[in-house]
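The values are calculated or read from the model by the stated rules, or taken from the named source; none is laboratory data. All values reported here derive from a predicted model rather than from experimental measurement. Heads up: the accessible areas ignore ligands, DNA and RNA and are worked out on the full protein's heavy atoms, side chains in. Shrake-Rupley method; radii C 1.70, N 1.55, O 1.52, S 1.80 Å.
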Amino acid sequence: MRILTMTTALALIHASGAGAVPIEIQAMPLPVLGATACSTGGGGVDPLEGSNCLSRVSPAGDVAVWGTYDNGADRSTVNAGVSEHVLHAGSARLEFDLDSDDRLFVDSSSLFLFSDDGWSEMTVGKNNNGSSARVSVGPNALIQMNSRDTAAIMRIGDNGNGKVDLYESGIELKGNTLSYMQLGVNGGSGELSIGTNAIGRGSTVYLMPDGGGDAAMELGVDGIGVVNVGSGELKLTAGQGNAIMALGTDGGSGTLTLDRLGSQVRLVSSTGDARLVAGASAGGSGTINVRGGNLGMFDAGFTSEIILGANNVDPFGAGAGTTGPGGTGTLNVSGNGATEMGSVFANTLYVGVSGANEGMPDGGTGILNVGANGIVEADEMYVGQIQQAGGGNSAGNVQITNGGQVDLFAGNSQVIVGANGSVLVDGDGSVLRSDAITLTGSATNDAVLKVGNKGVVDLRGGDLVVQTGGVLMGSKGSILGGVILDGGSLRPGASPGILDIAGDLTLTSGVLELEFAGTGEGQYDILNIAGNLFLPENSLASVVVKFLDGFTPDTNDSFQFLNVAGTLPESFASVDVSFEGLSGPAPSLFTNGIGNFALAFADPYAQDEDPVIGAVPLPAGAWLLITAFGGLAGLRSRRRRKAAFA
C-alpha cells in the first residue's frame, strides 16, 4: 500500500502533449520541513503566471509528497512546508492517477491541478484489480481542478475501486468547456461521501465551468457509482451551458442519497437546461434517496426536468438513446424524523417514459415514492406512456403515502397519467395537488389513480378527467374538485369502498362500476358528490353493478350507494345498466329524487316501506329509477336494460 499525503505517497502525475514525458512520483525520504521552492524553473513563481514550478505542498510540519513531473524542458520538485500543492501542466494535459492501494490525505491544505490548454484530470481507483484507492479531504482543505481551455475531470472508480471522503472540506472542478465527474466507469466502483457524519458539516462539491460549458455528473456508467450527501452540498452550476446528472447508464447502477437536514443537491443553469435522469438507458438502474435535505433543479427557462426511467432520453442532449430495454429510475422522498423534511423541486417530473417516436424499443420504468415528511414540488408530472403514440412498454408508478405530498404549483399545473401509469394517494395527510389531472390509458394498459384511507386529491377547483383506459378508484379517499367521466371507469371502491367528490360529477361516457360484497360498512361502494350530477344529452355512460365473492342480497336488504348534494339530471333514459355475479333475482336501483340512490328489491324511500338503511321517506310520487328484473337467475349472469322512470 502506498500513501500520498501531504503524508507519504505514490501517485502518477504526468503531462501529455508535445514534448511531454510522463514521470512517476515515487515515495521518498522526507524533505526538510519548510524547504524552499523548486530545484529548477524559478522557485516560488506563481504557476498561473506560466511557470511549471511545483513549489508548494501540504501543511507545515506534516509529511510531504516528494516527486517530479516533466513538461518539456522544465523539471520541478514537490517540497513541503507550505499550505498549497500546485501541479501545473502549462499547455499539456495533466493527469493525476491513484491506483492499486494508493491513498491521498489532504488536511488543512489545498491541492490544485491546473492546465492552461489541455485537460486537467484526477482519477481515484484506476485499473486497480480489486484493491481500493482512497482520497480523504480533511477540515479546511480543498482539491481544485482547473482547465483554462478545455475540461476539468474527476473519475472515481475507473475500471477499479475508488473512494473519496470529505470532512468539512471541498472539491471544485472548474473547466472552461466542461466540468465533469464520473463514478463507476468501465466496470469500476466509485463512492463519494460529502460530509456524512457529525464532523462533515459544510463540505461542498462544486462543478462550475468558468466558460460557456456544461457541468455534468454520471453515477454508474457500466459500473457502480454512489454519492452520499450528509450535512454538505453538491452543486452543478453552468452559467451558459447545461447542468446535467445521470444515474445508471449503459447497464450501470447509480445511487444518490441525501440523508439529513442541511443536505443539498443543486443543478442550476442560467441559460441552458437543468436535467437529472435516473435509469437513463440500456438496463441501467438509478436510485435517488432524499431522506431529509433538498434536491433542487433550476434553469432560466423554467424547463428543468427529473426523469425516472427512460430509454430514448439522452441526458446530455437531444437525439435517440440506446436500443434494448430501458432503465429503471427510483426517487424516494421522506423526512429524517418528525422535524427534518425531505424536499424535491423540478419544473417537470417524468415517471416512466418511452421514446418520443412510435415504434421505439421498450421504455423505462419510473418509480416515485413520497412518504412521511416528504414533499415534491413541480409544475407538471407525467406518469407512464405519455410521449409516444405507440410501441414501448414503459411504466410509471407514484405512491404518496403516510402524509407525503406532491404539490404542483397553482396556475396551469397538470398531471397526466398514461398507459401503464399508476398513482396512489393513501393515508391521512397524503395529498396530490394539481390544477388539472388527466387519466388516459390504452386498449391494453390502464392509467390508474387510487385515493384511499383519507388521502386527498386537491384540484383547486379544477377537473379530473377520466378518458378511455383511465381508471379512478376510491377507498375512503376524497377528490377536491370535479370529475368528468369521458370514456374511462369510475370505481368508488377498491374493493369495495367510499369515494367523496367535493365538486361535480359529469357522466359523458364510460362506466360507473359499483361493487357489493355484503351488507356491512365497507362491504359495498358509496359515492358521495358535494356538487351536481350531470348527464349530458346523448351520454354514452353506463352502470355496472358487480356482486363479489358469491354475495347475493336478501330481499330485505337495501344499499344507499349514491348521494348527490346538488342538482340531478332530468332524465336517466340514456344510461345502460347491467349486473354481474348475481345468482338470484336482480334488485332495482331507486332514487328519492333529491339526491339519494339505493339498490334494493323494494323502494326504500316509499312511505309504507321499512327500509334497511338510508331511507328518506317522501310523499306519494317518489320515483323509481330502474324497475326490478324478477324471474331471472343464473350464476354470473349479465342483465342489461335501459334505465327508465316508473
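The share of accessible area on the range 404-500 that comes from carbon and sulfur is 45 percent, using a 1.4 angstrom probe. For K546, the lysines whose Cα falls under 27 Å of its own Cα, not counting residues fewer than eight places away in the same chain, are K450, K454, K476, K642. Normalised per residue, the accessible area of the range 536-595 is 40 Å², obtained with a 1.4 Å probe and no contribution from ligands, DNA or RNA.
The distance from the alpha carbon centre of the range 101-127 to that of the range 448-474 is 53 Å, rounded to a whole number.
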